[in-house]
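Heads up, the thing below is written out as structure tokens.
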Amino acid sequence: MVVFRIARKEHITDLSGKGAELFGGRWNEKGVPALYTSSSLSLAALEILAHTDKSLPPVNMAWAKIYVPDEMFTMKFAKIPPGTSQVEFGTDWLKEKRGLMLKVQSVILPYEYDHEFNLILNPLHPEYSKIFVVETHDFSFDVRLIEEF
């Protein structure tokens, strides 16, 4: 299976999860590495735009196609126990090395739509070295997506 990631050109081949470790995210606390990816390039672009200051459009970007062995892929979405936050669940999942990837729904898309999704990759997992970048390309956002209204 391949997954997609968009990042600054200088970081596009870095699969360490350092960015998420430094800043935290929806599924990880600061201090815990994670690599956020998407099942499609278009969803990866939407995720970047959702987290971008519209007055500072993303520049110097690239996209990567990342290979994840099929046997590592799970068809099930993450099930979060009641009373547990996403960041708490994800942080525990990452630290405990419960799996190589966590399939999660994007909050950008309707909940019922499950054809595109995000995948959180776990750099702490013992089999993480089986993941690699297949190819990278420059990426520019269409100005119509980043203009302020």
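The values are calculated or read from the model by the stated rules, or taken from the named source; none is laboratory data. Keep in mind that this is a model prediction, so the values were computed, not measured. Quick note on the areas: whole protein, heavy atoms, side chains included, nothing else; ligands and nucleic acids left out. Shrake-Rupley method; radii C 1.70, N 1.55, O 1.52, S 1.80 Å.
For the range 46-149, the gyration tensor built on C-alpha atoms gives an oblate shape. Its axis ratio a/c (a ≥ b ≥ c) is at least 1.5, and a/b is not larger than b/c.
A 1.4 Å probe, protein heavy atoms only, puts the accessible area of residue 67 near 80 Å². Taking a ≥ b ≥ c as the square roots of the eigenvalues of the alpha carbon gyration tensor, the range 109-149 is oblate, as a/c is not under 1.5 and a/b does not beat b/c. Between the helical axis of 41-50 and the longest alpha-carbon principal axis of the chain there is an angle of about 80 degrees.
With the helix formula -39500 (n - 2.57) applied to DSSP H stretches of n ≥ 4, the chain reaches a computed 222 nm mean residue ellipticity of -5000 deg cm²/dmol. The 1.4 Å probe gives accessible areas that order 63, 93, largest first, as 63, 93. Against the main long axis of the alpha-carbon atoms of the chain, helix 86-95 sits at an angle near 60°. In this structure, the residue pairs whose Cα-Cα separation is over 30 Å, taken from 9/76; 54/97; 30/65, are 9/76; 54/97.
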